Number of protein chains: 2
Amino acid sequence: MQTLEPRVSEQRSGSLPRRSFQRAGEGERRAALINATLELIAEAGPEAATVRAIAARADVTPGLIRHYFATKEDLIAVAHEALMTGLTEAAAARLDQLPDDPIARLAGFVAASVSPPVTDPRAMALWAAAMQTVPRDKAMRAAHEATYLAFRDRLQDLIAAALRSAGRPADPRTTRALAIAGNALLDGLWIEAAALPDHFSDIDLPRLALSAFSRLLDLPLED
Amino acid sequence: MQTLEPRVSEQRSGSLPRRSFQRAGEGERRAALINATLELIAEAGPEAATVRAIAARADVTPGLIRHYFATKEDLIAVAHEALMTGLTEAAAARLDQLPDDPIARLAGFVAASVSPPVTDPRAMALWAAAMQTVPRDKAMRAAHEATYLAFRDRLQDLIAAALRSAGRPADPRTTRALAIAGNALLDGLWIEAAALPDHFSDIDLPRLALSAFSRLLDLPLED
DNA sequence: GCCGAATTTATACGATCGTATAATTAGGGG
DNA sequence: CCCCTAATTATACGATCGTATAAATTCGGC
């Protein structure tokens with residue numbers, strides 16, 4: 001397939017006029033390169049995120065990458081970290097918009113976790129690409145563990161508050177197990193829905209997730 | 001990093017004696033190449049599964065691959081299909097060893113789904129590599145959907161049988177939703193345990209899964 | 001025991017990749 | 001307004017990748 005890909009000349013056509021450019025601050029350029037990297041990985045897989053493609057997407061020449069990142073591996077790791085923290089922060093922001101009632105808060109969080117924009121094939125592809133390297137890459141594993149625990153701990157807090165508001169015991173051992181299971185449930189639903197959007201298009205995923213959580217906690221979350 | 005990798009000469013040192021070889025049947029050689037491909041992807045990611053590396057692992061020269069597979073993409077797709085059906089068949093074989101009592105069967109299936117050898121970082125890496133291409137590759141998506149539904153339908157049958165044996169209603173709509181949620185729960189636990197083996201080493205995952213399933217079905221599965 | 005078809009090896013090619021380095025340009029401080 | 005530093009482009013290099021094709025070897029059928 002390699003030889004059949006469209007030939008893209010790396011040389012400029014005529015000769016002289018150098019490409020004009022504007023200077024940008026370090027943070028801005030790094031962010032643009034990270035965005036370009038994530039977009040490419042999401043759209044066409046990690047193998048499509050070549051130095052040249054990333055530079056082109058960021059509207060920059062390839063050499064500049066080396067000016068901001070020592071190596072391509074370095075850029076990939078930084079991009080992954082940005083993705084993870086971005087998702088976590090998005091979840092945190094959503095949490096702030098939820099009501100005060102603990103049960104409604106938990107229900108809202110659960111429903112949001114299996115609804116757009118979280119259930120997005122692009123995000124799933126990025127996540128899968130990252131997971132694939134987690135067993136082999138120490139930095140990736142650390143980043144994954146941190147974000148996984150951040151999400152799970154938040155879920156555990158919501159579960160504990162909901163149980164207490166219903167006058168139910170909420171000892172740490174039990175709520176931790178429930179958070180692990182609940183997190184796994186949301187992960188699995190998210191993954192499958194993103195992987196097979198057509199198959200899940202006629203399924204009310206938030207309702208299904210809320211029903212399952214209600215059974216898991218023996219606490220009615222559906223309205 | 002590329003320039004620092006150990007230089008591996010592709011030429012033979014002296015000159016003359018051609019490498020001797022033994023002929024093998026088509027099925028045997030294809031299986032060897034598929035195994036080599038899966039091993040490499042699991043160990044070092046898809047980018048390590050080059051034609052040359054696959055051939056070396058299968059103790060064969062690179063050219064032979066083209067004799068059995070039209071293209072590398074073809075080999076990858078066939079290897080992925082072999083992986084998926086292999087996992088499904090392994091699960092089916094395990095199912096046959098379970099007892100006759102429907103509740104015990106369900107419990108055994110659930111516990112086995114989050115125990116070795118299913119929870120294996122190698123398998124997870126392979127699965128993640130496959131998932132990553134599912135949104136973009138039609139053949140991959142079809143293969144994934146088939147194996148996903150095969151597993152889920154089996155789980156739904158087990159759930160329905162267990163519910164009925166307890167004198168509980170088991171209409172298709174309910175059991176299907178329970179199977180979707182249960183499948184997601186098992187998927188999520190499997191993934192996280194494989195991704196963070198150290199973090200889950202002190203957690204009794206089968207017990208946690210059985211507890212969660214018991215709550216989900218309101219049916220005691222633990223012994 | 002040899003002959004022929006199929007398997008397997010050997011070699012080569014063009015493309016692309018990541019990286020290195022030098023040349024140039026932009027834009028702010030004096 | 002000019003210069004000086006840093007940002008950016010341009011070009012080149014070696015390595016490796018997937019693929020193509022020809023030569024050689026194996027081994028079962030006669």
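The values are calculated or read from the model by the stated rules, or taken from the named source; none is laboratory data. This is a predicted model, so every value here is computed, not measured. Every residue, glycine as well, gets a Cβ built from its backbone with ideal geometry; the counts of neighbours run over all protein chains shown. Accessible surface is based on the protein model in full, side chains and every heavy atom, while ligands, DNA and RNA are left aside. Shrake-Rupley method; radii C 1.70, N 1.55, O 1.52, S 1.80 Å.
A few points about this structure:
- Summed buried accessible area for A+B [probe radius 1.4 Å, Å², rounded to 100]: 3800 Å²
- Region B:24-79: trypsin sites (Lys or Arg not before Pro) in DSSP loop, at most 11 other beta carbons within 10 Å: none
- A:I76 accessible area, assembled protein chains, probe 1.4 Å, Å²: 50 Å²
- Student exercise, region B:76-217 dipole from Lys, Arg, Asp, Glu Cβ charges, in Debye to nearest 20: 440 debye
- Within a Gaussian network of chain B (alpha carbon springs, distance under 10 Å), most fluctuating of B:A162, B:A24, B:A56: B:A24
- Shortest-first nm distances, A:A139 label point to equivalent points in other copies (7 Å, Cα→Cβ): 3.5
- For peptide B:131-141, the mean count of partner chain Cβ atoms within 10 Å of a residue's Cβ comes to 6.
- Each other copy places its own label point for B:E222 at 2.6 nm from this one, sorted shortest first, where the point lies 7 Å along the Cα-to-beta carbon line.
- Rounded to whole Å, sorted largest first: equivalent-ellipsoid semi-axes of chain B, Cα gyration tensor: 42, 18, 15
- Anisotropy class of the protein assembly as shown from Cα gyration tensor, a/c 1.5 cut: oblate
- Note on A:F109: accessible area is roughly 0 Å² with a 1.4 Å probe, heavy atoms of protein only.
- Label spacing, shortest first and in nm, from A:E89 to its equivalents in the remaining copies (7 angstrom along Cα→Cβ): 4.9
- Rounded to the nearest 10 square angstrom, B:W190 shows an accessible area of 20 square angstrom against a 1.4 Å probe.
- Longest segment of chain A lacking GluC sites (Glu not before Pro) that sit in a DSSP loop with at most 15 other Cβ atoms within 10 Å: A:11-221
- Other protein chain C-beta atoms within 10 Å of residue C-beta, averaged over A:42-49: 3.
- Contour excess over end-to-end distance, with Cα ends at A:H199 and A:E26 and 0.36 nm allotted per residue: 57.9 nm
- Calculated FRET efficiency, B:D171 to A:D96, Cβ-Cβ distance, R0 = 51 Å: about 0.80 to the nearest 0.05.
- Region B:20-101: chymotrypsin sites (Phe, Trp or Tyr not before Pro) in DSSP coil with no more than 16 other Cβ atoms inside 10 Å: B:F21
- Among complete DSSP H helices in chain A, those whose alpha-carbon atoms stretch at least 15 Å along the helix's long axis and whose mean Kyte-Doolittle hydropathy reaches 0.5 are A:102-113, A:172-195, A:205-217.
- Cβ neighbours within 10 Å from other chains - mean over B:171-182: 3
- Alpha-carbon centroid distance for the pair region B:21-97 / region B:135-166, whole angstrom: 25 Å
- For B:K72, the lysines whose Cα falls under 26 Å of its own Cα, not counting residues fewer than eight places away in the same chain, are A:K72, B:K138.
- B:A44/A:S115 FRET efficiency (R0 45 Å; Cβ-Cβ; nearest 0.05): 0.80
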